[in-house]
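Below is one structure; the comments refer to it alone.
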Amino acid sequence: MTTARTVCRRQPPRHTPRPPAWWRRDDGSLTLFVLVTITALFAVAALVVDGGGKLRARAHAQGVAHEAARAGGQAVDAGKAISGDGITVDRNAAVAAARAYLSSAGVSGTVQVGENGATLDVTVSETYDPVFWGGGGWTVTGKGSADMVYRG
């Protein structure tokens, strides 16, 4: 006795039509990857170069501001010091010395005597011109101060 067996045949799956052969090829995919990678590397290199240049310009502005404040803080009133009346700082001479230092360093800035009259505040502004990123210069600012009160 033989039993009848029913055979189930699978229907092929229905799917969307395949894209054309030229769409499936991967010719040139490596070229696209290299292009994107090289572009990203150049962008990172530009960021590093121009970011480092801006930090260097800021450090220079900060250093010049501190040096100008120090130069102004050393403007001792020689007349009082020689006569023995004490060592004091001539405020007008201190401002003039700080401005002269800024001028000799070739930077622009402001020099002010602090509200309490015991400090000399110097602010320096410089412009950094980026190598890769356009759009004009980037302004950096440095600040420095010096005590004009003799403590000895």
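Is there any pair linking a residue in the range 57-78 that is assigned to a helix (DSSP H, G or I) to one that is hydroxyl-bearing (Ser, Thr, Tyr) and open to solvent by 60 Å² or more (accessible area, probe 1.4 Å), with Cβ under 7 Å and at least six apart or on different chains, and which?
ALA61/THR141; GLU67/TYR101; ALA68/TYR101; ALA69/SER145; ALA71/TYR101
Name the one entry in VAL131, VAL64 that is closer than 30 Å to VAL49 by Cα, open to solvent by less than 40 Å² (accessible area, probe 1.4 Å) and modelled with pLDDT of 80 or more.
Among VAL131, VAL64, only VAL64 is closer than 30 Å to VAL49 by Cα, open to solvent by less than 40 Å² (accessible area, probe 1.4 Å) and modelled with pLDDT of 80 or more.
Of the numbered conditions (1) at pLDDT below 85; (2) exposed (fewer than 14 other Cβ atoms within 10 Å of the Cβ), ARG56 satisfies every one except a single condition; which is it?
Here ARG56 clears every test but (1).
Can you pull out every residue in the range 111-128 that is more than 26 Å from VAL49 (Cβ to Cβ), in contact with a Leu (Cβ under 9 Å, 6 or more places away or on another chain) and at pLDDT 90 or above?
VAL111, GLN112, VAL122
Scan the range 100-125 for residues that are in contact (Cβ under 8 Å) with a residue 60 or more places away in the chain and either open to solvent by less than 30 Å² (accessible area, probe 1.4 Å) or part of a loop (DSSP other than H, G, I, E, B) (or both) and jot them down.
VAL124
The values are calculated or read from the model by the stated rules, or taken from the named source; none is laboratory data. Because the structure is a prediction, the values reported are computed rather than measured. Heads up, the Cβs are rebuilt from the backbone with ideal geometry, glycines too, and the neighbour counts pull from every protein chain shown. Keep in mind that these areas ignore ligands, DNA and RNA; they rest on the heavy atoms of the full protein, side chains included. Shrake-Rupley method; radii C 1.70, N 1.55, O 1.52, S 1.80 Å.
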